[in-house]
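**Q** Before I ask anything, here is the structure I am working with.
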Amino acid sequence: MTTVYYWARPREPITELTEGPILMYCPHCHFIPHTPHLYRGSRYGDMGGFTCGQCGGEVRVRDQDCRPPITYTFKSDGLSAGSNGPTETIVYEALYQVQWANLEQIEAWTGHTILAKTGSGTFELEPVVEMLADHVRQQGLEVRKAPIEHPFITWIPEPFRQWLDLIHSLRVHHLDGP
């Protein structure tokens with residue numbers, strides 16, 4: 001299950017991934033295994049860590065105490081005590097295109113409501129992906145593979161891979177015309 005929280009009241013409405021697959025990414029060697037980590041928030045910002053399957057270094061994963069973005073920090077035996085290696089911060093809401101503006105665009109294209117415009121709430125992504133896939137099928141559109149904007153990211157876990165491909169297909173259709 002993948003859930004997204006939204007809040008319409010701030011000046012700029014927000015969305016936050018509250019549960020779902022994220023990458024196990026090593027900022028030292030840029031290795032991304034094709035096995036996602038299930039994000040379910042953190043404990044005081046600490047999400048634990050893992051050993052990189054390629055370079056063997058330890059990677060610590062943190063968020064902003066159950067809020068985006070997520071930061072990966074590399075540690076190695078070769079570093080002095082208390083020092084860190086390279087870090088990388090990923091804003092999954094942007095990478096996965098589940099930001100407010102993306103969701104409003106999808107609502108405009110499909111005529112389906114995803115967000116309550118005056119309050120806050122959560123929604124499960126999988127039924128929205130299913131709705132989007134049905135819409136693309138009904139329109140008779142070819143599903144096109146979406147490009148990934150970050151050069152070091154080589155793989156996106158489901159359901160986000162399908163979500164990105166469907167959004168990309170709709171965007172191409174609406175830009176090129178029916």
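The values are calculated or read from the model by the stated rules, or taken from the named source; none is laboratory data. Keep in mind that what you see is a predicted model, and the values were worked out from it rather than measured. All Cβ positions, even for glycine, are placed from backbone atoms using ideal geometry, and neighbour counts span all protein chains on display. Just so you know, the surface numbers come from the protein's heavy atoms only, side chains and all, with ligands and any DNA or RNA stripped out. Shrake-Rupley method; radii C 1.70, N 1.55, O 1.52, S 1.80 Å.
**Q** Tally Lys and Arg at +1 and Asp and Glu at -1 over the other residues with C-beta under 15 Å from the C-beta of Lys145: what net charge comes out?
**A** Local net charge: -1.
**Q** So what is the accessible area of the chain per residue, in Å², with the probe set to 1.4 Å?
**A** Ligands and nucleic acids excluded, the result is 54 Å² per residue.
**Q** Using Cα pairs under 8 angstrom and six or more residues apart, how large is the relative contact order of segment 21-91, in percent?
**A** The normalised contact order for segment 21-91 reaches 26 percent.
**Q** What percent of all Cα-Cα pairs in segment 75-178 falls in each 5 Å bin, counting up from 0?
**A** 2, 10, 20, 20, 15, 11, 7, 4, 4, 4, 2, 1
**Q** In addition: Segment 6-80 to segment 117-174: how many Å between their Cα centroids?
**A** After rounding, the separation between the Cα centres reads 22 Å.
**Q** Over segment 61-139, what is the mean sequence separation of C-alpha contacts under 8 Å (at least six apart), divided by residue count, expressed as relative contact order in percent?
**A** Over segment 61-139, the number comes to 17 percent.
**Q** Which of rounded, prolate, oblate describes segment 49-121, given a ≥ b ≥ c as roots of the alpha-carbon gyration tensor eigenvalues and a/c under 1.5 marking rounded, otherwise prolate only if a/b is larger than b/c?
**A** Verdict is prolate for segment 49-121.
**Q** Evaluate the relative contact order of the chain (contact order divided by residue number), counting alpha-carbon pairs under 8 angstrom at least 6 apart; express in whole percent.
**A** This gives 22 percent for the chain.
**Q** Moving to a separate point now. Report, to the nearest whole %, how much of the accessible area of segment 21-91 belongs to carbon and sulfur atoms, 1.4 Å probe, protein only.
**A** On segment 21-91, the fraction of accessible area on carbon and sulfur atoms equals 48 percent.
**Q** Hey, another quick one. Between (1) 1, 6, 9, 11, 12, 12, 11, 9, 7, 5, 4, 3, 3, 2, 2, 1, 1, 0; (2) 1, 7, 12, 15, 17, 12, 9, 8, 8, 5, 3, 2, 0; (3) 1, 8, 15, 19, 17, 14, 11, 7, 4, 2, 1, 0, which matches P(r) over Cα pairs in 5 Å bins from 0, in percent calculated for the structure shown?
**A** Step by step, P(r) over Cα pairs in 5 Å bins from 0, in percent for this structure corresponds to label (3).
**Q** Ok, one more. Please give me the summed charge of the neighbours of Glu93: other residues whose Cβ is under 11 Å from its Cβ, Lys and Arg +1, Asp and Glu -1.
**A** Counting the neighbours of Glu93, the net charge comes to 0.
**Q** Taking amide H positions as placed 1.01 Å from N in the peptide plane, with prolines and chain starts having none, which residues 5 or more places from Ser120, or on another chain, fall under 5 Å of its amide H?
**A** When sequence neighbours closer than 5 places are left aside, the close amide H contacts are Ala8.
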